[in-house]
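Reading through the structure tokens given below for one structure.
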Amino acid sequence: MWHVYRQSASLRTIDLSRQVGAAIFSEEGEVISLGTNEVPKAGDGTYWTNDVHDDRDYKRGKDSNDKRKKKILYELMRAFDENVKIEELLNITRIKKSQFMDALEYGRIIHAEMSAICDGARTGRLLKNSILYCTTFPCHMCAKHIVAAGVSEVIFLEPYPKSLASELHGDAIEIEGQPRGIYSSYPKTLFRHFYGVSPKRYRDLFEKHKRKDENGQFLLWGEGSKAPIIDIRVHPQHFHFEPIVVKETLEVQLDKFSIPIEIVKIDQLDLR
């Protein structure tokens, strides 16, 4: 049930960028600490609803990380052109997609993984050889704290392309399925993807509504006989949208080379 802790932690945050949750467990499966991405407060953890003092980003109405990146970009570009306008810069696709705009360190929030680590430290719990479960692959800033804290394994649910953890800390971490090269003999913290039933579907698949009959006797099957818990007779919707997506993608690509879309017979393409 560790994924329930991880997922529920992510839903506690009201961060403007994304909802991330983390849960740290001991080798024996005991809960050590939980964390979510939220603004820290002096004295204890992070701000929460009903706190007397609350200065989370939504109160300020703006993501501080985005604000700072725009300011730095503007100052940098003004060194080349004093007449440049920030609005024009932010409309340039190459700038919007640049690694500079992926910078993370100017946010006020403490990341979920760091929050869980700090929670463990604040309550005096040892993290050595623990396992950290998180909803998203850790960023490079969290990765180095995870390694330094002595966590032995990280299990994540969703990827995070902005993370430079592998590039910066390949000597200390091993990502499942990725060779370590010259660091193959180095000690490592293992990062691996979660395989199994996602938290959002876990209850649907494993909750049992009826466990006994009117006489208090155990029921092996809730409805008296074996039957699927989930009704999957509904036709998957992606089959309907696949031809539409393929056609629109082809139109864009063929237009670049002035090739008419009519010569491609969409209905004859094998989309399997």
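For the range 2-28, the set of residues classified as over 14 Å from V154 (Cα atoms) and at pLDDT 90 or above consists of V20, E28, listed by residue number.
Which residue, of V245, V264, V234, is surrounded by 10 or more Cβ atoms within 10 Å (Cβ to Cβ) and at pLDDT below 75? Before the answer, list the steps.
Values: V245 fails: at pLDDT below 75; V234 fails: surrounded by 10 or more Cβ atoms within 10 Å (Cβ to Cβ).
Being surrounded by 10 or more Cβ atoms within 10 Å (Cβ to Cβ) and at pLDDT below 75 holds for just one of V245, V264, V234, which is V264.
Does K162 count as among the basic types (K, R) and either under 24 Å from R12 (Cα atoms) or touching a Phe, Trp or Tyr at 6+ places or on another chain (Cβ under 7 Å) (or both)? Give the steps one after another, and end with the answer.
On the way: among the basic types (K, R): yes; either under 24 Å from R12 (Cα atoms) or touching a Phe, Trp or Tyr at 6+ places or on another chain (Cβ under 7 Å) (or both): yes.
Against the criterion (among the basic types (K, R) and either under 24 Å from R12 (Cα atoms) or touching a Phe, Trp or Tyr at 6+ places or on another chain (Cβ under 7 Å) (or both)), K162 qualifies.
Note on the range 98-149: residues that are of a type in the set (F, W, Y) and within 17 Å of the chain's Cα centre (by Cα) total 2. Being free of Cβ contacts under 8 Å to residues at least 40 places away in the same chain, farther than 23 Å from Q99 by Cβ and touching a strand residue (DSSP E or B) at 6+ places or on another chain (Cβ under 6 Å) is a property that E158 lacks.
In the range 120-142, what residues are over 18 Å from Q19 (Cα atoms) and out of contact with any Leu (no Cβ under 6 Å at 6 or more places or on another chain)?
A121, R122, T123, G124, R125, L126, L127, K128, N129, S130, I131 - these are the residues of the range 120-142 that are over 18 Å from Q19 (Cα atoms) and out of contact with any Leu (no Cβ under 6 Å at 6 or more places or on another chain).
Of all residues in the range 49-82, count the ones that are assigned to a loop (DSSP other than H, G, I, E, B) and either at pLDDT 85 or above or acidic (D, E) (or both).
13
Within the range 76-97, track down each residue that is under 23 Å from the mean Cα position of the chain (by Cα) and among the small types (G, A, S). Result: no residue meets the conditions. Taking the criterion of being closer than 17 Å to Y47 by Cα and either β-branched (V, I, T) or modelled with pLDDT of 95 or more (or both), the residues of the range 93-111 that qualify are I109, I110.
The values are calculated or read from the model by the stated rules, or taken from the named source; none is laboratory data. Please read these numbers as outputs of a predicted model, since none were measured by experiment. A quick note on method: Cβ atoms are made from the backbone with ideal geometry, for glycine too, and the neighbour counts reach across all protein chains shown.
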